[in-house]
């Protein structure tokens, strides 16, 4: 019970004597970690009954405001503004790069038709160069589409989906690359996993990016990826864990920022796309990593149908007496 106890004994870590000096009004932000992490603002002002600020006041007014939600909303606004700026940039990129790529592709097709009239001996080396040019155009087009999908808002087409089946389909797409690097994939998928209302195509993109990130962090012949699915009455959990190089603390702080990547051939957009899709489905993503030991990524999705939990009758001694 804190009623009637000195405030300095209940809220430690502050110089209450300095804060309570006569005539001083204080407004200060605090971060507390127990019983949960929250951001607070407290306002402390003396009550002066005689109008003279120099005398010790008979009491103080202290107002405490919870700023946790306000700070979270401010962070979301900042992130939204950043994505809006990227969306405007995407429109410019699509116009400035997309149109020339289409033109190049058309001219290469015309060039290919003219080359068919050449003798086979002259045509073969030119076809090799033409094939290289087409492959580079496809690569640029893929980069452009990935950039646009990362920043352009989309509406999920939700339908009842078996997440285990989506994971199997995604692993089948990645099977040649996993086999070439001799990476073992272990599956711990919940049997009879309840269907979830999601966009199956978007979640295949989520799993593709996460699995690809996982195996790119692994050493050949030593790599292992563990995939788990689980559902209870309130949420789905999809876990993808690897025993790769891990992520350093300095990179963890900027892991969702666009174009921030530790891979030589990476675009830095994969996790940005993943988080956007997951959040558009009402979920969240959690990343745990230890440098040199591996990374665990957990995707949380809410269940649409939630069962009602009935609370038991409270015990008499559970009532807090503040009188």
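Do any strands (runs of 3 or more DSSP E) entirely within the range 136-242 hold 1 or more residues that are assigned by TED's automatic domain parsing to the domain that holds residue 285 and within 21 Å of the chain's Cα centre (by Cα), and if so, which?
Where strands (runs of 3 or more DSSP E) fall fully within the range 136-242 and carry at least 1 residues being assigned by TED's automatic domain parsing to the domain that holds residue 285 and within 21 Å of the chain's Cα centre (by Cα), they are 196-198, 224-231, 235-242.
Looking at this structure, is residue 31 over 30 Å from residue 273 (Cβ atoms) and either out of contact with any helix residue (DSSP H, G or I) (no Cβ under 7 Å at 6 or more places or on another chain) or at pLDDT 70 or above (or both)?
It is true that residue 31 is over 30 Å from residue 273 (Cβ atoms) and either out of contact with any helix residue (DSSP H, G or I) (no Cβ under 7 Å at 6 or more places or on another chain) or at pLDDT 70 or above (or both).
The values are calculated or read from the model by the stated rules, or taken from the named source; none is laboratory data. Keep in mind it's a predicted model, so treat the numbers as computed, not measured. FYI the Cβ positions are ideal-geometry reconstructions off the backbone, even for glycines, and counts take in every protein chain you see.
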